[in-house]
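Let me begin by presenting the structure, written as structure tokens, before commenting on it.
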Amino acid sequence: MKTEDHGKEKSATGEPQVGHKPFSVLKYSDNGFVIMGAGEPHQEWVDGISKMLVEEGIAKAPVFSDAFIVDGNVAGANGRTDLALLFSGESKPDVDTLAMWRIRFGNTSWIDTFIQEYGKDYGGPARGSPRAGAGCS
């Protein structure tokens, strides 16, 4: 379903439909996390996680502004499938509670940590952090 939100496709829950983008579009300033090893169907991850975060009072709907499979894993089809989820400006996540939720959920990485630690999985050395020593993992 198309919405008026810059023409982005939305699921029935109002969350973005999962697309595909290269690793290179990820930025340290992106506010979100990556589900590492996300199996199909990918849209169920987006809709289910959004529902959990809203029900637990961690974020407000719509939770995500973008959701995409990170393309370009050096292992190709045999590699890990990583699903990037970027928070919408309206979601206003409670970062303290979200940090605990992320640890409990497992197999997730903040985007800045993912860039730094898993860049090698996408064709090169991990990119160094512009905030070296900031410790926001």
**Request:** Scan the stretch 62-87 residue by residue and report those that are in contact with a Phe, Trp or Tyr (Cβ under 6 Å, 6 or more places away or on another chain) and of a type in the set (Gly, Ala, Ser).
**Result:** Gly72, Ala84
**Asked** Which one of these does Ser11 not meet: (1) surrounded by fewer than 16 Cβ atoms within 10 Å (Cβ to Cβ); (2) of a type in the set (Gly, Ala, Ser); (3) modelled with pLDDT under 90?
**Response** (1)
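Residues are listed down the side, and each one gets a yes or a no for (1) assigned to a strand (DSSP E or B); (2) surrounded by fewer than 17 Cβ atoms within 10 Å (Cβ to Cβ):
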site	(1), (2)
Ala59	no, no
Asp66	yes, no
Ala84	yes, no
Lys92	no, yes
Asp96	no, yes
Asp112	no, no
Gly119	no, no
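crowded, with 21+ Cβ neighbours inside 10 Å and hydrophobic (A, V, I, L, M, F, W, C), is that true of Phe105? First the steps, then the outcome.
Values: crowded, with 21+ Cβ neighbours inside 10 Å: no; hydrophobic (A, V, I, L, M, F, W, C): yes.
So Phe105 fails the test.
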**Fill in**
Only unsatisfied item for Ile35, checking (1) in a loop (DSSP other than H, G, I, E, B); (2) at pLDDT 95 or above; (3) not small (Gly, Ala, Ser), is (1)
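The values are calculated or read from the model by the stated rules, or taken from the named source; none is laboratory data. Note that this is a predicted model, so its numbers are computed, not measured. Here Cβ is always computed from backbone atoms with ideal geometry, including for glycine, and neighbour counts include all displayed protein chains.
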